[in-house]
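Working notes for the structure below.
Bear in mind these aren't lab numbers, they're just calculated from the coordinates by the rules spelled out. Predicted, not measured: the structure shown is a model, and the values here were computed from it. Please note: Cβ atoms are built from the backbone with ideal geometry, for glycine as well, and neighbour counts cover all protein chains shown.
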Amino acid sequence: MEAEIISGTEIAAEIRGELKEEVKELKERRGVTPGLVMVRVGEDPASVSYVSGKSKASEELGIYSETIVLPEDAGEEEVLAKVEELNNDPRFHGILVQLPLPKHIDSDKVLNAIDPRKDVDGFHPVNVGRLLIGEPFFMPCTPHGVQQLLVRSGNSPEGKRVVICGRSNIVGKPLMAILVQKKKGANATVTMCHTGTKDLASVAREADILVAAMGSAKAITVDMIKEGAVVIDVGVNRIPDATKKSGFRLVGDTDFEAIKAKAKAITPVPGGVGPMTVTMLLVNTVRAAEMQSA
Ligand code: GUN
């Protein structure tokens, strides 16, 4: 039987509908408009596209947003000074510094400078620690989006064996921290695979839910999937495609077409995890505005 396609676009729209009401209420009850500021350094094409998507989505919900663009050769001190200024700007409840930063800037230093109460990415060490002990201010957007995709598509991870491929600080590690908690929508048995994993295929085949987040085009092949598994593809890889005006197309970290015939459900790329990441950023921004105006 062909797999069900879990539409991130549809689930994201559902959450944005709920959030729009919360934004309206915040304005009416407390006179507060949630504010999000994004800092982009340089002109990396993917970052330009992501930041403009986040800005547009904010506007649609009635969230005030600004994007600050610094030149590629901006110094670390300049970026740190900008973050400090934004920490003290009451218009903005959330601050996002788009990654990756140019190589001459120490990303950790910049992320550590963001006020944890405004850290809507959930990347500050304080927030990483809070997430691990199950008391988050903010859950990182992509892994939180993955959890919502699972729960809202009727594939709750509770009691399931989840295999996460990829140990990044942005996706793999925080997703592990979310799904192991003794909480609703979590409580899973989580295995983390990475480049040091021996015989990835045999570990992956144990997954009731497999999450591909290694950043490698079509790396998860159909032989690595158990019949009836749920597959979440976090990958966004640009591969050359002469038939496209842009010269490229997007593919995930899984071999979607082949896996579709074997899995119970799978997320597409694009239209799967991507819209959820943006949506969970908006969720965090509204949460930040609520916390700061309480
Ligand atoms: N670059 C890729 N994903 C993300 C994200 O979730 N947040 C930020 N700030 N940068 C990213």
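So for the range 1-142, Kirkwood radius off the Cα pairs, Stokes-Einstein at 37 °C and 0.692 mPa s: how many µm² s⁻¹? Can you show the working numbers first?
Details: Rh = 16.5 Å.
Rounded to a whole number, D works out at 198 µm²/s.
When the Cα centres of the range 1-23 and the range 236-294 are compared, how far apart do they sit, in Å?
12 Å
DSSP beta bridges in the chain, what fraction antiparallel, as a percent rounded to 5?
Values: 4 of 34 bridges.
Counting only bridges with both partners in the chain, antiparallel ones make up about 10 percent.
Spin-label point model (7 Å from Cα, Cβ direction): what's the S168 to L132 distance in nm?
If labels sit at S168 and L132, their model points lie 2.0 nm apart.
Which percent of the Cα-Cα distances in the chain go past 36 Å? Can you show the working numbers first?
Values: 6732 of 43071 pairs.
So the portion of pairs separated by more than 36 Å is 16 percent.
For a quick check: sort K184, K218 by the number of other beta carbons within 10 angstrom, fewest at the front.
Details: K184 9, K218 19.
In increasing order of surrounding Cβ atoms, one gets K184, K218.
If you take the alpha carbon radius of gyration of the range 157-230 and divide it by 2.2 N^0.38 Å, what ratio comes out, to two decimals?
Details: Rg = 11.7 Å, N = 74, 2.2 N^0.38 = 11.3 Å.
The value comes to 1.03.
Which pairs in the list K54/K118; K198/K262; K226/K264; K226/K260; K160/K264; K198/K260 are over 19 Å apart, alpha-carbon to alpha-carbon? If you can, show how the numbers build up before the last one.
On the way: K54/K118 16 Å; K198/K262 24 Å; K226/K264 10 Å; K226/K260 12 Å; K160/K264 14 Å; K198/K260 26 Å.
Where the Cα-Cα span goes over 19 Å, the pairs concerned are K198/K262; K198/K260.
Mind sorting H93, H144 by how few other Cβ atoms lie within 10 Å of their own Cβ, fewest first? It would help to have the intermediate numbers written out before the result.
Numbers: H93 27, H144 24.
Ranked by crowding around the Cβ, least crowded first: H144, H93.
Using the Karplus curve 6.51 cos²θ - 1.76 cosθ + 1.60 with θ = phi - 60°, what ³J(HN,Hα) values do you get for each residue of the range 58-72, in whole Hz, with x for Gly and Pro?
Going residue by residue, I get 4, 4, 4, 9, x, 8, 6, 9, 10, 10, 9, 10, 9, x, 3 Hz, with x marking Gly and Pro.
Using a Debye calculation, one point per C-alpha and no hydration shell, please list log10 I(q)/I(0) for the range 37-101 at q = 0.12, 0.20, 0.25, 0.26 Å⁻¹ in order.
So the normalised log intensities are -0.29, -0.79, -1.13, -1.19.
Of the candidates K264, K244, K198, which one comes out as most mobile in a Gaussian network treatment of the chain with C-alpha springs shorter than 10 Å?
Greatest mean-square fluctuation among the candidates belongs to K244.
In what order do V146, V230, V128, V269 fall by count of nearby beta-carbon atoms within 10 Å, going from fewest to most?
Working: V146 31, V230 27, V128 19, V269 23.
Ascending Cβ contact count within 10 Å gives the list V128, V269, V230, V146.
Among M214, M139, M224, determine the one that fluctuates most according to a GNM of the chain built with springs between C-alpha atoms less than 10 Å apart.
M224
How far is helix 141-152 tilted, in degrees, relative to the longest principal axis of the Cα atoms in the chain, given as a value from 0 to 90 rounded to the nearest 10?
50 degrees
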